[in-house]
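The structure appears below as structure tokens.
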Amino acid sequence: MELCLNSDGEKKLRYIDYFMHRINLLRHHKITPVVVFDGGNVPCKSTTEQDRHRRRISNREIAMAKLKEGNVSAATEFFQLVNHGVSNCLVEKIKEGVEELYKLPIEEKRKKLWRNPGEKEGFGDSGVLSDEQILDWNDEFFLFTLPVALRNPHLFPNLPLPLSESLKIYSVELAKLAMMLISQMEKILGIKSKEISKLFEDGIQGMCLHYYPPCPQPDQVSGLAPHSDAAAITILYQLNQVDGFQVNKDGMWIPVNPLPNAFLVNLGDQLEIITNGIYLSNIHRAVVNSAKERMSIVTFLNANEDCDIGPIQSLVTQQNPALYKTMTSKEYIKLMFSLNGEDINISEDSWVAHGILLCPKPNGEPQIGGGLVYGAPRATALPKLLFSHGRNRLRCSASSSSTDHVSFIKDVATSKPPQNLSQLMKMLKIRGDTIMSPGAKQGLIPIVIPLARNNSGAITALLRWPTAPPGMEMPVVEVRKHGVWLLAKNVDQLIHRILVEADTENSSENSDELFHASGDLGEKLYTKGDFAKSQISNLDVYLLKQEHFPGFARPFVFNAEVLLKVGRTSEAKDAARGALKSPWWTLGCKYEEVANIAQWDDEQIEYFKEKVSEEGKQEDLKKGKAPAQVVLDEAAFLLDLASVDGTWDECVERIAECYKEAGLNDVATFIQYTD
């Protein structure tokens with residue numbers, strides 16, 4: 001190519017044709033040529049060929065110097081791979097198939113391709129952790145593609161047929177491509193053949209199809225939040241060649257312009273661990289625009305299920321001890337999917353330079369590592385648990401979080417999340433409560449969504465009423481062995497209650513923090529000093545005047561207890577029997593306490609048991625009751641019966657089946673879900 005430097009017109013084109021002819025000859029004989037450019041776009045009109053030649057030589061010298069130092073990542077960045085050997089025709093079929101997939105009606109997607117609770121595959125989103133979070137503006141469809149045994153039998157066959165068949169071929173081709181890249185890395189690292197490759201034989205391959213619709217306010221959202229990939233190698237194909245993929249350089253986000261039929265290759269966290277930090281995972285993101293939609297398909301290569309993930313032996317020495325712990329592949333995957341937003345720990349002690357990670361030495365001077373991002377805190381999905389020597393690393397949330405209550409409510413409980421839930425969660429944490437996973441329902445009444453547990457063990461939760469009327473807000477309850485105790489009719493009311501309690505004479509030392517966490521909403525709900533100004537000495541009386549009424553069956557129970565204390569036994573009996581017409585799990589106490597006031601023995605329990613028997617259900621059907629109503633009644637009776645002894649787990653499966661038989665599949669899935 002150097003002959004082109006001082007040539008013009010037809011002469012230069014002849015040299016280029018000759019050069020490309022030689023490349024094609026090499027490829028014909030299975031030899032992959034490596035062409036070194038200066039990193040600029042081709043053609044580049046802003047510089048002369050002599051300038052480009054000097055820059056190319058300079059970059060080659062820098063890269064070779066870094067390789068000799070063992071700093072491979074300094075010589076490599078994100079790179080776009082052309083002449084990759086994957087058929088352009090196949091790639092075009094993938095593009096057409098993805099377009100067809102995203103054009104399917106939402107009803108068909110939900111019926112056949114939606115993500116099941118507790119699973120990662122299918123249509124879904126990454127959820128919302130807080131009101132302050134910049135939202136991801138994309139739809140994603142994830143599925144496991146290799147080994148074939150991992151393919152979801154309820155998902156893969158439901159894909160549009162052309163896409164399903166194309167993905168089968170595409171997955172094999174990209175697995176070959178990824179293994180070729182790993183083989184080349186082994187040569188560059190100077191390690192014996194197969195030491196890394198063997199970890200990825202029959203490796204786990206997953207694919208994520210992203211669709212980024214045009215956004216009227218692109219500055220208010222992110223297409224995909226900044227992150228590093230938990231896999232070893234990620235291969236991205238930007239299907240419709242629309243800009244949107246960005247990497248961080250010099251503290252700025254730099255767009256990577258897609259090349260036609262090129263794959264963008266990124267190195268992930270697994271490879272960082274396996275190479276003991278020689279290769280580093282890199283931070284990237286996706287953005288959207290107001291005019292164009294963007295589509296991409298991302299392929300992730302992970303180590304196989306049976307291997308251990310940790311620094312390989314040939315890269316661990318006394319001078320370079322293992323930086324990471326070793327764990328099984330299954331443990332690694334489980335750990336990656338268990339991370340949550342609260343694990344973010346971005347340290348200002350670490351910056352990443354273009355090609356060089358600068359980690360402070362004990363004396364504060366930077367030392368060379370590897371990487372890509374420059375001048376900004378570096379976040380990675382690698383948790384501190386993976387490091388052997390307590391190295392201060394950073395982590396960001398995984399795509400799906402176990403404590404992401406908003407996503408859980410949307411995707412699992414299939415309900416509308418309370419608008420101000422994030423403020424309540426902050427306030428519960430400030431109050432000293434321990435935030436719980438929303439799926440930690442084992443042993444609890446199965447229609448609650450746990451939020452937090454206080455020091456005495458009491459659990460605050462949202463109540464997902466199975467057949468809630470339209471517009472009903474989620475009540476906030478305290479979960480008890482025999483059911484629930486209503487705390488507030490909605491999230492805003494509980495926030496108000498917490499603020500009032502914090503403003504009483506016995507307020508906690510966290511009072512100011514609680515008011516600050518409540519934000520503008522808190523100012524609308526309550527003003528400091530209002531309780532004192534009311535001159536009401538009793539907090540409960542004040543709250544009653546603020547429409548904090550006890551709900552469900554509890555008011556009837558309270559009335560019965562008061563009447564009994566003043567000797568009005570007959571009226572107390574009637575009030576207690578009125579309470580028992582409500583769901584028993586809303587009594588706020590043991591069933592037998594209310595049944596004693598009602599002067600009932602076990603006849604009501606026996607009646608309910610008869611109603612849930614096959615004979616009882618057949619009798620209802622003979623009387624003309626609709627089959628759906630019969631099973632809904634059975635579910636309600638089973639919940640009441642379980643509340644007597646507080647043995648919820650024993651009835652969950654049958655209750656879920658009842659809702660499923662009634663056509664309420666979403667409710668059934670939520671009932672059965674537990675961490």
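Across all Cα atoms of segment 619-675, the radius of gyration (one decimal) and Dmax (whole number) stand at 11.9, 41 Å. A full extension of the chain between Gln217 and Thr467 corresponds to an added length of 86.4 nm, given 0.36 nm per residue minus the alpha carbon distance. Per-residue Cβ neighbour counts within 10 Å put Phe670, Phe637 in the sequence Phe637, Phe670, beginning with the fewest.
Under conditions of 10 °C and 1.306 mPa s, segment 170-245 yields 104 µm² s⁻¹ as its translational diffusion coefficient, taking Rh as the Kirkwood radius over Cα pairs in the Stokes-Einstein equation. Segment 491-542 and segment 574-648 have Cα centres separated by 39 Å. Stretching the chain fully between Ser290 and Glu513 yields a gain of 76.4 nm (0.36 nm per residue, less the alpha carbon separation).
If R0 is 45 Å, the Cβ-Cβ spacing of Gln629 and Lys565 corresponds to a FRET efficiency of close to 0.70.
Full extension of the chain segment joining Leu621 with Val148 gains 165.6 nm, where the gain is 0.36 nm per residue of separation less the Cα-Cα distance. For the pair Val172 and Arg654, label points projected 7 Å from Cα toward Cβ lie 5.0 nm apart. Loop-located GluC sites (Glu not before Pro) across segment 483-548 with a Cβ neighbour count of 13 or fewer within 10 Å are Glu505, Glu509, Glu547, with loop assigned by DSSP.
Legend: ranking of residues Val247, Val562 from fewest to most surrounding C-beta atoms inside 10 Å; resulting order Val562, Val247. Net charge in the neighbourhood of Cys589 (other residues with Cβ under 13 Å of its Cβ; Lys, Arg +1, Asp, Glu -1) is 0. Positive-end ranking of Thr586, Phe637, Leu664 along the dipole of segment 555-672, with charges on Cβ about the Cα centre, is headed by Thr586.
Taking the Cα centre of segment 405-545 as origin and assigning +1 to Lys and Arg Cβ atoms and -1 to Asp and Glu Cβ atoms, the resulting dipole is close to 580 debye. Taking every alpha-carbon pair under 8 Å whose residues sit at least 6 apart, segment 405-545 reaches a relative contact order of 17 percent. Return the loop-located trypsin sites (Lys or Arg not before Pro) in segment 174-260 (DSSP other than H, G, I, E, B) with at most 14 other Cβ atoms within 10 Å of their own Cβ; answer none if there are none. For trypsin sites (Lys or Arg not before Pro) across segment 174-260 that sit outside H, G, I, E and B with at most 14 neighbouring Cβ atoms in 10 Å, the list reads Lys192, Lys194. Put simply, the Cα atoms of segment 446-546 extend 41, 32, 26 Å along their principal axes, the longest span coming first. Each principal axis of the Cα cloud of segment 88-324 was evaluated for its coordinate range; sorted largest first, these ranges are 57, 42, 37 Å. Our summary of shape: the Cα atoms of segment 424-470 have principal axis extents of 33, 25, 15 Å, ordered from largest down, in whole angstrom. Specify whether the C-alpha gyration tensor of segment 555-672 places it in the rounded, prolate or oblate class, a ≥ b ≥ c being the square roots of the eigenvalues: rounded for a/c under 1.5, otherwise prolate if a/b is larger than b/c and oblate if not. Judged from the Cα gyration tensor, segment 555-672 comes out prolate (a/c at least 1.5, a/b above b/c).
Each reported figure results from applying straightforward, stated rules to the coordinates on display, with no laboratory input. If you're wondering where the values come from, they're calculated on a predicted model, not measured in any experiment. Virtual Cβ from ideal backbone geometry, glycine too; neighbours counted across all protein chains shown.
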